[in-house]
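The structure appears right after this line, and notes come after that.
Laboratory data are not the source of any read-out in this text; all were calculated from the coordinates shown. Since the structure is predicted, the reported quantities are computational estimates derived from the model, not experimental observations. Here the Cβ is made from the backbone with ideal geometry for all residues, glycine too, and neighbour counts use every protein chain on show.
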Amino acid sequence: MEVAAGSGFRFGLVFLLLFYPSLAVEPLSLGLAIGVASALTGYLSYPRFYCGMVECCRQEEPLNSTALQFDLQNKLFGQHLAKEVILKAVTGFMSNQNTKKPLVLSLHGWTGTGKNFISKIISENIYEKGLNSKYVHLFVSTIHFQHDKRLNLYKDQLQAWIRGNVSACARSIFIFDEMDKMHPGLLDAIKPFLDYYEQVDGVSYQKAVFIFLSNAGGDLITQVALDFWKTGKKREDMQLKDLEPILSVGVFNNKNSGLWHSSLIDKNLIDYFVPFLPLEYKHVKMCVIAELQARGYIKDPEIITRVTEEMTYFPKTEKIYSDKGCKTVPAKLDLHIEL
Ligand SMILES: Nc1ncnc2c1ncn2[C@@H]1O[C@H](COP(=O)(O)OP(=O)(O)OP(=O)(O)O)[C@@H](O)[C@H]1O
Ligand SMILES: *[C@@H]1O[C@H](CO)[C@@H](O)[C@H](O)[C@H]1NC(C)=O
Ligand SMILES: *[C@@H]1O[C@H](CO)[C@@H](O)[C@H](O)[C@H]1NC(C)=O
Ligand SMILES: [Mg+2]
């Protein structure tokens, strides 16, 4: 900050002398000029201005929950439960100055239902650059931790990275994608960071955010959604309590979930299990419209219908849920747009 204030002052003075050379001669005006320059200095050393030019770690600044709510409301389709949990969890955590442990979210659901998408929204609301921020770290187990025989190397590396990044910025965000394909041993390596410790080797992790993404439990969530639909109940009436117990038990018992046998669950280190519901025809349609809009094309109803219908739906008889969620919408759209 001191460096910034210094250069700000110089910048302010040079600016004034450049545009008002006469000021330098008249003592009265010079006094005025210095006054204005110091005002400018104050402005330039003001964190919001400085951090507009150089990315800063977000220390105290609370989250704009209106903006997060707006993004969730307008960009994420068909996920009323995830929306509600994420908004509460993230807003609450960011506005609490005395958090006792990092925020740990575990996102579960069928493919293409918005898990990576919501992680991006969360990241962008905390750091403007989102996933490109130097304070946001995305690890994909199938890319970064591919070989089981290197487990010990990965463990050491990951611990060093987490420690290094959190020391540099307490409000660091770590996203672990494809958790169901991660070696359980690796998760045990990061477990100490998620716990209720004031400090681990002199570093406090209490302001960090950990987000785990997986398909584990996706089939159970789909089953509950389907039962709901079959009894004629509205999807939006589904509540967290209908899913949360099934989810943590189901995930725990799934040997391929990556969370299996890790003591994350029995030690209650995961603050929220966030379920993602399978997407229906109407949600896929919304994705198609959003994609057209993002590309700046006109929203031709015929193309919208054609693309939405081209996606495949399950179960075989009812055909309610999209097999791939919204995941292949952009590719399908490419086939229907005349270049
Ligand atoms: N619920 C949703 N609302 C709006 N767009 C969505 C939604 N779900 C998916 N999409 C769109 O589809 C793309 C792919 O979704 P995303 O990568 O988030 O799926 P995922 O849940 O991570 O799937 P996987 O389990 O296969 O990794 C997103 O980038 C987004 O454009
Ligand atoms: C929060 O975000 C909303 C919507 O983007 C915006 O209108 C408002 O000015 C923001 N509030 C603050 C305090 O930045
Ligand atoms: C922070 O994490 C990244 C991986 O996202 C790693 O490359 C980098 O070395 C880490 N920084 C420190 C200081 O450990
Ligand atoms: Mg994903």
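Mind checking the full-extension length gain between Lys134 and Tyr297? Use 0.36 nm per residue of separation minus the Cα-Cα distance, one decimal, nm.
Gain in length upon complete extension: 55.4 nm.
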Given the pairs Lys149/Lys181; Lys129/Lys191; Lys234/Lys282; Lys83/Lys332; Lys233/Lys282; Lys191/Lys241, which span a C-alpha to C-alpha distance of over 20 angstrom in this model?
Lys129/Lys191; Lys83/Lys332; Lys191/Lys241
Could you work out Rg/(2.2 N^0.38 Å) for region 65-276, with Rg from alpha carbons only?
1.00
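Could you list Leu213, Leu138 in order of exposure, starting from the residue whose Cβ has the fewest other Cβ atoms within 10 Å?
Leu138, Leu213
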Using a 10 Å cut-off on Cβ atoms, rank the peptides 130-136, 92-98, 115-121, 102-108 from the highest mean neighbour count down.
102-108, 115-121, 130-136, 92-98
